[in-house]
1. Picking from Thr57, Thr52, which residue would you name as being among the β-branched types (Val, Ile, Thr), farther than 15 Å from Leu110 by Cβ and out of contact with any Leu (no Cβ under 9 Å at 6 or more places or on another chain)?
2. Restricting the first residue to region 96-114 and requiring it to be over 16 Å from Leu51 (Cβ atoms), which pairs with a second residue that is open to solvent by 20 Å² or more (accessible area, probe 1.4 Å) and small (Gly, Ala, Ser) meet a Cβ separation below 6 Å and a spacing of at least six or different chains?
3. Would you mind stating whether Arg38 is modelled with pLDDT of 95 or more, buried (at least 17 other Cβ atoms within 10 Å of the Cβ) and of a type in the set (D, E, K, R)?
4. Looking at (1) farther than 17 Å from Val113 by Cα; (2) assigned to a loop (DSSP other than H, G, I, E, B); (3) among the small types (Gly, Ala, Ser), which is the only condition Gly16 fails?
5. Could you look through region 74-91, keep only residues that are open to solvent by 10 Å² or more (accessible area, probe 1.4 Å) and free of Cβ contacts under 8 Å to residues at least 60 places away in the same chain, and pick out the one that is nearest to Val63 (Cα to Cα)?
6. Collect the residues in region 20-35 that are assigned to a strand (DSSP E or B) and either among the hydrophobic types (A, V, I, L, M, F, W, C) or surrounded by fewer than 13 Cβ atoms within 10 Å (Cβ to Cβ) (or both), keeping them in residue-number order.
7. Could you go through region 42-53 and let me know if any residue there is open to solvent by 40 Å² or more (accessible area, probe 1.4 Å), free of Cβ contacts under 8 Å to residues at least 12 places away in the same chain and of a type outside the set (A, V, I, L, M).
Amino acid sequence: QVQLVESGGGLVQAGGSLRLSCVASMSIFSMNVMGWYRQAPGNERELVARLTRSGTTNYADSVKGRFTISRDNAKSTVNLQMDSLKPEDTATYYCYLNLMDREYWGQGTLVTVSS
């Protein structure tokens with residue numbers, strides 16, 4: 001069983017930045033996909049950004065140009081740099097890992113952007 005632990009959430013003013021990190025309890029070198037989803041109250045969970053084993057990245061249209069996903073295989077970590085944050089980015093952010101065709105989710109970290 002792989003454990004995912006997120007960190008880096010918090011309260012920030014609009015226009016500010018946050019960096020989320022997700023540490024996996026085992027190596028992510030062989031991962032298929034790793035990424036971030038978010039869920040705001042009353043909304044469905046949605047993809048924010050993801051990174052494939054080959055290095056391909058995908059972003060939600062709403063965050064393109066503002067968010068950057070990256071990984072550090074040595075630290076079994078995937079990061080999400082969030083710049084130019086907007087109030088509509090307020091949500092709980094969840095780390096996601098697809099490893100050997102099994103899916104894992106973190107517990108979530110809350111991001112609140114004030115106007």
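1. Exactly one residue qualifies, and that residue is Thr52.
2. Every condition considered, the pairs that remain are Thr109/Gly9; Leu110/Gly9; Val111/Gly9; Val113/Ala14.
3. yes
4. Here Gly16 meets the rest and fails (1).
5. Glu88
6. Matches in region 20-35: Leu20, Cys22, Val23, Ala24, Met31, Val33, Met34.
7. yes
Condition check ((1) β-branched (Val, Ile, Thr); (2) in a loop (DSSP other than H, G, I, E, B); (3) in contact with a Ser or Thr (Cβ under 8 Å, 6 or more places away or on another chain)) across all residues:
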{"site": "Ser70", "(1), (2), (3)": "no, no, no"}
{"site": "Asn79", "(1), (2), (3)": "no, no, yes"}
{"site": "Ser84", "(1), (2), (3)": "no, yes, yes"}
{"site": "Glu88", "(1), (2), (3)": "no, no, yes"}
{"site": "Thr92", "(1), (2), (3)": "yes, no, yes"}
{"site": "Asn98", "(1), (2), (3)": "no, no, no"}
{"site": "Glu103", "(1), (2), (3)": "no, no, no"}
{"site": "Gln107", "(1), (2), (3)": "no, yes, no"}
{"site": "Thr112", "(1), (2), (3)": "yes, no, yes"}
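The values are calculated or read from the model by the stated rules, or taken from the named source; none is laboratory data. On a predicted model such as this, the values are computed, not experimentally measured, just so you know. Neighbour counts run over all protein chains shown; Cβ positions are idealised from the backbone, glycine included. Accessible surface is based on the protein model in full, side chains and every heavy atom, while ligands, DNA and RNA are left aside. Shrake-Rupley method; radii C 1.70, N 1.55, O 1.52, S 1.80 Å.
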